[in-house]
Amino acid sequence: MQTTPPDTLGIRHIALNCARLEEMERFYADILGYRVEWRPDRDNVYLTRDRDNLALHRAERGEGASPLDHFGIMLRVAEDVDAWAAYLKGK
């Protein structure tokens, strides 16, 4: 069994839960230069800039709620997904 997971190519995307989605979108677009890549509905927007992708999801912020929904990493080959899954399951 592999004791460490395969190397990654970095973080591919971050998904954030936002109580004030429109304000967050304006910040990332107007200040940081992201552009809207996809808006499937009024509660979700996907932004991109250079090689980065950011998803903003409308969600109420209750006590203990995390602003982080998830993040995705890039891997070199498809088989590395299984290696990562096995590594994480073992932890």
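The values are calculated or read from the model by the stated rules, or taken from the named source; none is laboratory data. Bear in mind the structure is a predicted one, so any value in this text is a computation, not a measurement. Positions of Cβ are backbone-derived with ideal geometry, glycine not excepted, and every protein chain shown enters the neighbour counts. Surface areas here come from the heavy atoms of the whole protein model, side chains and all, with no ligands, DNA or RNA. Shrake-Rupley method; radii C 1.70, N 1.55, O 1.52, S 1.80 Å.
A few points about this structure:
- Spin-label proximity, residue 3 to region 53-91 - amide N less than 20 Å from point 7 Å beyond Cα toward beta carbon: 83-91
- Shape category assigned to region 7-75 from the gyration tensor of Cα positions, a/c cut at 1.5: oblate
- Chain lengthening between residue 51 and residue 86 when straightened (0.36 nm per residue, less Cα-Cα): 9.8 nm
- Other residues whose C-beta falls under 15 angstrom from the C-beta of residue 72 contribute a net charge of -1, scoring Lys and Arg +1 and Asp and Glu -1.
- Ligands, DNA and RNA left out, the accessible area of the chain computed with a 1.4 Å probe is 52% carbon and sulfur.
- Within the chain, percent of DSSP bridges classed antiparallel, to nearest 5: 75
- Taken per residue, the accessible surface of the chain reaches 74 Å², heavy atoms only and a 1.4 Å probe.
- Degrees, to the nearest 10: 79-90 long Cα axis against longest axis of the chain: 90
- For the chain, relative contact order (Cα pairs under 8 Å, six or more residues apart, normalised by length) works out to 42 percent.
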